[in-house]
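The values are calculated or read from the model by the stated rules, or taken from the named source; none is laboratory data. This one's a predicted model, so the numbers in the text were calculated from it and none came from an experiment. For neighbour counting, all protein chains shown are included, and Cβ atoms are generated from backbone atoms with ideal geometry for every residue, glycine included.
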Amino acid sequence: MRAVLVDPQRSTIAVETVQDPVPGPGQLLVRVRAAGLNRADLAVRAGGYRVGTGRSVAAPSRPLRAGAELAGEVVAVGPGVADFAVGDAVMAQGSGYAELATVEALLAMPKPSALSWEEAGALPVGLLTMHDALVTNGRWRPGETVLVNAVTSGVGVLCAQLALHLGAPLVLGTSTSPTKWEALRGAAGLDDERFVPVTPHDVAAQARVRTDDRGIDVIIDNVGAAAIATSLEAAAILGRIVQVGRLGGKHGTLDLDELARKRVSLIGVTFRTRTTEERLTVKRAAWGDLADAVAAGVLRPPVHATFPLEQAEAAQEALARNEHVGKLVLTP
Ligand SMILES: NC(=O)c1ccc[n+]([C@@H]2O[C@H](COP(=O)([O-])OP(=O)(O)OC[C@H]3O[C@@H](n4cnc5c(N)ncnc54)[C@H](OP(=O)(O)O)[C@@H]3O)[C@@H](O)[C@H]2O)c1
């Protein structure tokens, strides 16, 4: 089969012909129809993406399969698989820049017919990340307000959709590019008066004005260092800031007096150090809460552009240019 291999030592990717993967115990072999791109794909390629569950985590040093999510048809199942059969349409986290991929059956989700292959292949990372961030770690409760930093990102759009779907009375979302706001409004579920796009400069003031000075209850931060001061300024007393991404840097300055005064929780999340059991817990929680909303097309990533597998490099360059709103997708 053809697959994209990443060489983190040389920061390159290449489409190569490799052996077809064989599903192991508990695994599905999936013919990939679509695979979402993620910012982490660029970090893996750059060699800066440390993985592992032990005390010492390490950047991968040898060529590895690219990608983090996919949708496709099951073409074979490994020993012990009970929940899926050959012919099923599924979506899951996994190395999707390839014609075939193995995924853990327990971590797979059935692809709803309401979603196109491209939408389904671009959904798993955002859906699982943002349910875990907003509901599990952010402890969002009915009536609470939400701020999403970098709301035009693939995960950011999903988070705004999710917060509105759950019933948040106000969802602020930052973007450095007001020209992207109109495109956002065309995305599923975001054409809602509770959703307010703001610039990073204006977010703290808007958070005060729109909450009668109370501040925001749950802040989902995909930006990091460049946004930590405004996130804390925007936060309500007993607010939660969930640190998801560091597009704006990983070393920031935090006013610890403000953190203490507001009794704000700052919580870090990542999949990189999660065991399969922990990932299963995340999937079960998200799918248990959201399967119906996904089936109804309420949670649906906007697909900005698609690329054939051979153009994986061009697709990653487009991702790095930051001109997209939502997701870029490969169609092997
Ligand atoms: N913790 C986890 O489990 C987890 C899981 C998935 C993703 N992530 C992280 O979440 C982040 C978003 O990932 P993604 O794949 O959704 O990204 P993406 O689709 O590539 O979105 C990037 C967007 O973020 C904004 N941005 C880029 N550079 C920025 C900067 N320096 N400062 C402020 N905003 C910037 C831009 O929006 P504007 O042009 O509108 O400003 C850009 O369009 C990444 O850091 C990723 O690693 C974490």
Return the residues of the stretch 313-332 that are in contact with a His (Cβ under 9 Å, 6 or more places away or on another chain) and among the hydrophobic types (A, V, I, L, M, F, W, C); say none if nothing qualifies. Ala318, Val325, Leu328, Val329
Could you list, ordered by first residue, the pairs with Cβ atoms under 6 Å in which the first is in the stretch 313-326 and touching a residue at least 40 places away in the same chain (Cβ under 8 Å) and the second is near the ligand (Cβ under 10 Å from one of its atoms) and β-branched (Val, Ile, Thr), at least 6 apart or interchain? Val325/Thr152; Gly326/Val157
Without any contact (Cβ under 8 Å) to a residue 60 or more places away in the chain and within 16 Å of the ligand (Cβ to nearest atom): does that describe Phe307? yes
Selection count where residues are of a type in the set (Asp, Glu) and farther than 23 Å from Val269 by Cβ, scope the stretch 88-138: 4
Scanning for something within 16 Å of the ligand (Cβ to nearest atom), within 25 Å of the chain's Cα centre (by Cα) and not in a loop (DSSP other than H, G, I, E, B), does the stretch 244-254 turn up at least one residue? no
Scanning the stretch 176-196 residue by residue, those within 16 Å of the ligand (Cβ to nearest atom) and modelled with pLDDT of 95 or more turn out to be Phe195, Val196
Number of the exception - Ile228 against (1) in a helix (DSSP H, G or I); (2) farther than 18 Å from Gly248 by Cβ; (3) modelled with pLDDT of 95 or more; (4) within 15 Å of the ligand (Cβ to nearest atom): (2)
Does at least one position in the stretch 201-210 carry a residue that is closer than 26 Å to Arg321 by Cα, charged (D, E, K, R) and assigned to a loop (DSSP other than H, G, I, E, B)? yes
Considering only residues that are in contact with a strand residue (DSSP E or B) (Cβ under 8 Å, 6 or more places away or on another chain) and in a loop (DSSP other than H, G, I, E, B), look in the stretch 292-321 and name the one that is surrounded by the most Cβ atoms within 10 Å (Cβ to Cβ). Pro301
If I ask for residues that are away from the ligand (no atom under 12 Å from the Cβ) and either closer than 19 Å to Thr136 by Cβ or aliphatic (A, V, I, L, M) (or both), which ones from the stretch 232-242 would you list? Leu232, Ala234, Ala235, Ala236, Ile237, Leu238, Gly239, Arg240, Ile241
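Output yes when any residue across the stretch 141-154 is within 8 Å of the ligand (Cβ to nearest atom) and of a type in the set (Val, Ile, Thr), and no when none is.
yes
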So which pairs qualify, if the first residue must be in the stretch 139-165 and under 13 Å from Val244 (Cβ atoms), the second must be among the acidic types (Asp, Glu), the Cβ gap must be under 6 Å, and the two must be at least 6 apart or on different chains? Asn149/Asp221
Need pairs with beta-carbon distance below 9 Å; first residue under 20 Å from Val329 (Cα atoms) and within the stretch 289-303, second surrounded by 15 or more Cβ atoms within 10 Å (Cβ to Cβ) and among the acidic types (Asp, Glu); sequence gap 6+ or separate chains. Gly297/Glu119; Arg300/Glu119; Pro301/Glu118; Pro301/Glu119; Pro302/Glu119; Val303/Glu118; Val303/Glu119
Can you report the number of residues in the stretch 255-290 which are surrounded by fewer than 16 Cβ atoms within 10 Å (Cβ to Cβ), more than 24 Å from the chain's Cα centre (by Cα) and either in a loop (DSSP other than H, G, I, E, B) or among the charged types (D, E, K, R) (or both)? 5
Can you name the residue in the stretch 322-332 that is more than 16 Å from the chain's Cα centre (by Cα) and in a loop (DSSP other than H, G, I, E, B) and is also nearest to the ligand (Cβ to nearest atom) among such residues? Glu323
